Amino acid sequence: MTYSYRMFKVALSFLVLLVASTVKAAPQLDPIGTFKMDLYESAAIDNQAITGKFGGGTLTFTTGGSATIESCVEDGYIKSSGVIDFNLRCFAKLDDGVAMLIRYTGLIKTGDGFWDSFLAGNVVGPGRLMEFWCNEIKMVTTSEKYAWVNETMFIGEGENLSVPTADGPGIVHYELYALRH
């Protein structure tokens, strides 16, 4: 092997390492809190569109602080594949007294037996008659204490879901993650 060939290999290896060091890592999900609320009413408004009324919940950040979820409304659609595609808008009050808008959209991939169990009032979730339940959440507020939420994209991983029954409201529980680069 000639000296110039060895130098070429060294230079090429250095270039590969230099390029590899500039490649950013994939986004990471950092656990950031929980989002829990009551489901007061859910209805089909035609053979594929659904709506719901939610509220009476809490948003708790692991870094400290919380919000009370006062009310939410859902606009959803059940696709022919059985996937539920939903959008919600929620009004919340932060623990510093300032209002916050929560907007989120997501998907639930239902499994065999989901609808019978869910509509009977049973608690369902991923691995329990759902294949997955995830959403993307954005929050907007004028609170100085919580200004960081305006610049954070949140991912919600659904945990527990049930419809209202004669015993009380249904439940909607998520684990929240902040998407970090």
Handout entry: Loop-resident sites, the range 131-181, for trypsin sites (Lys or Arg not before Pro), counting at most 14 other Cβ within 10 Å (DSSP)
Key = 145
Handout entry: Over the chain: helical MRE at 222 nm, DSSP H runs n ≥ 4 each giving -39500 (n - 2.57), nearest 500
Key = -4500 deg cm²/dmol
Handout entry: Extension gain, residue 80 back to residue 152 (0.36 nm per residue minus Cα-Cα distance, nm)
Key = 22.6 nm
Fill in the blank from the handout: Per GNM of the chain with C-alpha springs under 10 angstrom, the most fluctuating residue out of 141, 63, 110 is 63
Fill in the blank from the handout: Eigenvalues of the alpha-carbon gyration tensor of the range 25-180, times 5 and square-rooted, give semi-axes in Å, largest first, of 26, 18, 14
Handout entry: Length gained when the stretch residue 175-residue 40 is fully extended (0.36 nm per residue, less Cα-Cα span)
Key = 46.5 nm
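Among rounded, prolate and oblate, which fits the range 47-117 when a ≥ b ≥ c are the square roots of the eigenvalues of its C-alpha gyration tensor, a/c under 1.5 means rounded, and a/b larger than b/c means prolate? Spell out each step's value before the answer.
On the way: a/c = 2.94, a/b = 2.21, b/c = 1.33.
Judged from the Cα gyration tensor, the range 47-117 comes out prolate (a/c at least 1.5, a/b above b/c).
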Fill in the blank from the handout: In this structure, the FRET efficiency calculated for residue 25 and residue 134 from their beta-carbon separation, with R0 = 35 Å, to the nearest 0.05, is 0.95
Exercise for the section: Choose one answer from 117, 81, 162: the residue with the largest mean-square fluctuation in a GNM of the chain with alpha-carbon springs under 10 Å. Expected result: 81
Problem - Estimated inter-spin distance, residue 122 and residue 160, nm [label 7 Å along Cα→Cβ] - result: 1.6
Handout entry: Unit charges on C-beta of K, R, D, E only; dipole of the chain, Debye
Key = 1020
Handout entry: Computed FRET value (nearest 0.05) for residue 49 with residue 144, which takes r as the C-beta separation and R₀ as 30 Å
Key = 0.15
Problem - Angle between the chain longest axis and helix 3-22 axis [Cα atoms, degrees, rounded to 10] - result: 20
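Only the coordinates and a few stated rules stand behind these numbers; no lab work does. Predicted, not measured: the structure shown is a model, and the values here were computed from it. Neighbour counts run over all protein chains shown; Cβ positions are idealised from the backbone, glycine included.
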